[in-house]
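The values are calculated or read from the model by the stated rules, or taken from the named source; none is laboratory data. Computed from a predicted model, the values in this text were never measured in an experiment. Virtual Cβ from ideal backbone geometry, glycine too; neighbours counted across all protein chains shown. All accessible areas refer to the heavy atoms of the entire protein, side chains included, with ligands and DNA or RNA removed. Shrake-Rupley method; radii C 1.70, N 1.55, O 1.52, S 1.80 Å.
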Amino acid sequence: MKTDFWYRFLRNKMAVTGGVVVILLFVVSLLASWVSPYDPNEINLNQVLVHPSLAHLFGTDQLGRDVLSRIIWGAGISLKVGFVATGFSLFIGVILGALAGYYGRWVDAVIMRFVDIMLCFPAFFLILAVIAILEPSIWNIMIVIGLTGWMGITRLVRADFISLRERDFVQAARAIGAGDLRIIFRHILPNAMASVLVAATLGVAGAILTESALSFLGIGVQPPTPSWGNILTAGKNNIDIAWWLSLYPGLAILITVLGYNLLGEGIRDSLDPRLR
Amino acid sequence: MLRYVLKRLLLMVPLLVGITIVCFIVIHLAPGSPTDLQTDLNPRVSAEAKARLQSMYDLDKPIYKQYLLWVGRLATLDLGQSFSTDHRPVIDKIAERIPITIIINVLSMILIILIAIPIGVISAVRQNSLFDKVTAVIVFIGFAVPTFWLALLLMILFGVDLGWLPISGIRSLNYEYLPPLAAFVDLLKHLILPVLLSAFGGLAGLSRYMRSNMLEVIRQDYITTARAKGLSERVVIYKHALRNALLPVITILGLSIPGLIGGSVIFETIFAIPGMGQLFYMSVMSRDYPVVMGILFIGAVLTLIGNLVADISYAVADPRIRVS
């Protein structure tokens, strides 16, 4: 099963491309202090809004900071937000989905109505409203994105649990006296991990997109901490003079999100070729 | 049919109650009570605002009473008064800004339908053709493009470099002196980019959905029957298959409403369009809680209504739904 997965995964061009992009991003953000040509926060008022050149490959911003360096440091921020936010979503989504799917009846009814209610809110509205009350900070952003992104995972996990809970191996576990919690987490959940893994990978992409939009609006990662979204804010403020401030950070977001989406779809195809 | 509509309306009640509870929780998310916000954590909330919050949410009463009083006022559409210097009722502020937001969203939804459905149908009918493969790549990239970034790029291209389109507001400064036709064209020019971009987000999803839907329908027995009857391929595809493949699209469009409404915050802020999204953004920035909570609630209710309309239209279009 495992070797089958890797065989299919490595032959899948989409998956490998996505995987390479994701690994590269990790490497870049871990080695940021070595690979970035300048200090991302070094202000140089003699070099304000300089066009891209050999000295500054992606130009400089309104404070003379090197855009390439800020994008490199921004990679780490994006990944952190993406992973922590998705972690929150997974935690809530898996537990609620497992409970709803395993117990059914009123537990299911209550949880799924809650999902329906949360889906009524435009996610962006809910995030903004909470941020308005809690003050923007990187931690609040991660929590709020996580708290508004678990509904899809709940539905997936629930569906898996419903189809798995009457299987023979579950009956067998029950027959030898395993408790509900043990059955849920040790027996059923591992079998439902495939779709969770795919949803999580795609979820990281979504969280990175949301974070960049929030930072762009000035309610996400706060300057001077570099984030792709807040470099784009500078791009908007200087839209008629500095195109490079708008172009490059957006490309970084696009490539990252594309990478995670490719990886997610690739994992899905490799786990179960029938799902294609 | 009437029974179905009544049933759907009844199902809305618990959702509506849930929406009010979530809104209520958000108000009380603030550490301590909402009025503690005025401490050093958030100097922007003045002592006066604190007093008004106190009376508005009856914070001196037990929590269940606070909720009931608040819902009672919601039921009469009393969303309180804005904290901004104009002190106007929140409902008035929202009401005057909703039309432009709805117009933009409806226009972009029409655009989504007009573009995504043909793309989906053609790529399904010509599965694995060049067209299918190219659109598949474009759709995949479309999922990953941050639309606000695309907005910036298009503003640079059409607004700054080419100078073809205005990049801010919904009318030019000389709008009032323009003859009616020119004024209309002026409005259209201002709306092109926002509508296009707001549609962009939904295009990828719907065209992909339409494609898989159409592929599934084409494999059905009744399509084989239609072919066996000797109908031309065109009639089979565009009459028998398309009609059935279109049905679930109604639901998908209903589901895309929250995304569109949520996206209006970004587009209206970027393009300085005086709609509900921009009001929401400004209220978040100035901590105008009554307006923030009002729009959060209205946004959820609009979604609920959109889904109801979608479900009812589906039932009108597909008798099988009504019976089951």
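Data for the structure
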quantity	calculated
Residue, farthest from the chain's Cα centre (by Cα), within segment A:171-185, restricted to residues that are open to solvent by 60 Å² or more (accessible area, probe 1.4 Å) and within 14 Å of A:L99 (Cα to Cα)	A:D180
Number of positions in segment A:78-106 that are more than 13 Å from A:G146 (Cβ to Cβ) and either at pLDDT below 90 or open to solvent by less than 20 Å² (accessible area, probe 1.4 Å) (or both)	10
Among (1) open to solvent by 50 Å² or more (accessible area, probe 1.4 Å); (2) within 11 Å of another protein chain (Cβ to nearest Cβ), the one test that B:T147 misses	(1)
Residue in segment B:77-96 that is farthest from B:I295 (Cα to Cα), counting only those that are open to solvent by 40 Å² or more (accessible area, probe 1.4 Å) and modelled with pLDDT of 80 or more	B:R88
Test for A:I138: is it at pLDDT 90 or above and either open to solvent by less than 50 Å² (accessible area, probe 1.4 Å) or within 30 Å of A:V22 (Cβ to Cβ) (or both)	no
Residue list for segment B:165-187, filter: among the small types (G, A, S) and within 19 Å of A:N237 (Cα to Cα)	B:S168, B:G169
Test result for A:A109, over 25 Å from A:I208 (Cα atoms), surrounded by 19 or more Cβ atoms within 10 Å (Cβ to Cβ) and more than 7 Å from every other protein chain (Cβ to nearest Cβ)	no
Any hit, segment A:217-224, residues being under 17 Å from the mean Cα position of the chain (by Cα) and farther than 16 Å from A:G59 by Cα	yes
Unique residue being part of a helix (DSSP H, G or I) and either at positive phi or under 17 Å from the mean Cα position of the chain (by Cα) (or both) when the list is B:I138, B:I122, B:I104	B:I104
Selected residue [open to solvent by 40 Å² or more (accessible area, probe 1.4 Å), more than 14 Å from chain B (Cβ to nearest Cβ) and either touching a helix residue (DSSP H, G or I) at 6+ places or on another chain (Cβ under 7 Å) or not aromatic (F, W, Y) (or both)] from A:R165, A:R155	A:R165
Matching residues in segment B:67-98 - criterion: being assigned to a helix (DSSP H, G or I) and touching a residue at least 24 places away in the same chain (Cβ under 8 Å)	B:Y67, B:W70, B:V71, B:L74, B:V90, B:I91, B:K93, B:I94, B:R97, B:I98
Members of segment A:55-77 that are free of Cβ contacts under 8 Å to residues at least 24 places away in the same chain and crowded, with 18+ Cβ neighbours inside 10 Å	A:H56, A:T60
Selected residue (only one of B:I321, B:I295 is modelled with pLDDT under 85 and either among the hydrophobic types (A, V, I, L, M, F, W, C) or open to solvent by less than 10 Å² (accessible area, probe 1.4 Å) (or both))	B:I321
Subset of segment B:111-133 (residues that are open to solvent by 70 Å² or more (accessible area, probe 1.4 Å) and either touching a strand residue (DSSP E or B) at 6+ places or on another chain (Cβ under 7 Å) or modelled with pLDDT under 90 (or both))	B:R126, B:Q127, B:N128, B:L130, B:F131, B:K133
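Okay, residues lined up against (1) touching a helix residue (DSSP H, G or I) at 6+ places or on another chain (Cβ under 9 Å); (2) within 13 Å of chain A (Cβ to nearest Cβ); (3) within 24 Å of B:P194 (Cα to Cα):
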position: B:S232; (1), (2), (3): no, no, no
position: B:H240; (1), (2), (3): yes, no, no
position: B:F267; (1), (2), (3): yes, yes, yes
position: B:Q278; (1), (2), (3): yes, yes, yes
position: B:Y281; (1), (2), (3): yes, yes, yes
position: B:R287; (1), (2), (3): yes, yes, no
position: B:I295; (1), (2), (3): yes, yes, yes
position: B:V301; (1), (2), (3): yes, yes, yes
position: B:R322; (1), (2), (3): yes, no, no
